[in-house]
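Asker: To start, I am sharing the structure in question, which I have written as structure tokens.
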Amino acid sequence: MRSIWNGAISFGLVSIPIKLVNATENHSIHFRQIHLADGGRIRYRKVCELDEEEVAGGEIGKAYEDADGTMIPITDEDLAQLPLPTAKTIEIVAFVPADEIDPLQMDAAYYLSANGVPAAKPYTLLREALKRSNKVAVAKYALRGRERLGMLRVVDDVIAMHGLLWPDEIRAPEGVAPDSDVTVRDAELDLADALMDTLGEVDMDSLHDDYREAVEELIAAKASGEAVQPAESDDSGGGKVIDLIAALESSVRAAKKSRGEGDENEAEN
């Protein structure tokens, strides 16, 4: 895998040269914008709003827009002079239990690869220390022009790093929960528990993107000139639940049927 960043893990006085590689890949299908009249590609050009002239990439800089609309130019040299100790270092600042990391903070995922033979021993030391402690490492690092927060953990025999949002980037869930004071009956909770038990666990590797597959089939059909058959609409969801108990009971029966389990009451009859 191609590395996107080279640096070192700072573990106290120990420095571990590493390469950073993406741990995930995007399989989304991307579309182009076209002119409906003739199918031509839609192109965007960078134009200066003052003289309305197209501007070449070498003539484009960056600026911060102040509240009053004033543009404050910021050069690469300005940014290079700022103190950034994590520019080439993943600096471990703490070791904490994994459950102390709020999943809401989770961002991109990376694998950390030991860079060179001398890095193998300290890399293995950190990996085994993380395994034995049952903790994760919290670290600071810089990537794509900004300092970031990360979490290091062990995946198989590799140290992985999850980018984390800074705590002040997580919004409080104010106004999200239902406004009304709702009482849930024990019978409803029992049925919800039964539905959860019936659905059971899942092999994550068995899950796939049905929508993407449908789009791929659509593209293949149109490319070969085949007629596209409209999909059957599913009107079973999205409606207002009138009888929660009945809906839960039906859900349990449907889940059992999908798993090949018969209804006990029906079996007795």
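Throughout, read-outs are computed from the coordinates displayed, never taken from laboratory work. As the structure is a computational prediction, the values presented were derived from the model and not from experiment. In this analysis, Cβ positions are derived from the backbone assuming ideal geometry, glycine residues included, and neighbour counts consider all displayed protein chains.
Asker: State to the nearest 20 debye the size of the charge dipole of segment 159-235 about its Cα centre, where the only charges are +1 on K and R beta carbons and -1 on D and E beta carbons.
Answerer: Details: 4 positive and 22 negative charges, 81 e Å.
Around 380 debye, computed over segment 159-235.
Asker: To check you understand DSSP bridge types, tell me what percent of the beta bridges within segment 1-156 (both residues inside) are antiparallel, rounded to 5.
Answerer: Once the DSSP bridges in segment 1-156 are tallied, antiparallel ones form about 90 percent.
Asker: May I ask which of Lys135/Lys257; Lys62/Lys140; Lys46/Lys88; Lys88/Lys131; Lys19/Lys131 have a Cα-Cα span longer than 31 Å here?
Answerer: Pairs exceeding 31 Å: Lys135/Lys257; Lys46/Lys88.
Asker: While we're here: If you place +1 on the Cβ of every Lys and Arg and -1 on the Cβ of every Asp and Glu, how big does the dipole about the Cα centre of segment 1-148 come out, in debye to the nearest 20?
Answerer: On the way: 18 positive and 21 negative charges, 274 e Å.
So the magnitude is around 1320 debye.
Asker: Then there is this: How much mean residue ellipticity at 222 nm does the chain get from its helices, if each DSSP H run of length 4 or more adds -39500 (n - 2.57) and you divide by all residues, to the nearest 500 deg cm²/dmol?
Answerer: On the way: 6 runs with 67 residues, N = 269.
-7500 deg cm²/dmol, from helical runs alone.
Asker: Can you list residues whose amide H is under 5 Å from Ala23's amide H, if they're 5+ apart or on another chain and H is modeled 1.01 Å from N?
Answerer: When sequence neighbours closer than 5 places are left aside, the close amide H contacts are Ala109, Tyr110, Tyr111.
Asker: Taking Rh as the Kirkwood radius, which is the inverse of the mean 1/r over Cα pairs, what is the Rg/Rh value for segment 1-106?
Answerer: Radius of gyration relative to Kirkwood radius: 1.10.
Asker: Separate question: In nm, give the distance between the simple-model label positions of Arg2 and Asp156, each being 7 Å from the Cα along the Cα-to-Cβ direction.
Answerer: Each label point is offset 7 Å from its Cα along the Cβ direction, giving 2.2 nm.
Asker: Highest mean first, how do 168-180, 208-220 rank when packing is the count of other Cβ atoms within 10 Å averaged over residues?
Answerer: 208-220, 168-180
Asker: Given (i) 1.86; (ii) 1.00; (iii) 1.46 as candidate values of Cα Rg over 2.2 N^0.38 Å, which corresponds to the one derived from the coordinates?
Answerer: Answer by label: (iii).
Asker: Among Leu164, Thr24, Gly7, whose Cα lies farthest out toward the positive end of the dipole of the chain, if unit charges sit on the beta carbon of Lys, Arg (+1) and Asp, Glu (-1)?
Answerer: The Cα lying farthest towards the positive end belongs to Gly7.
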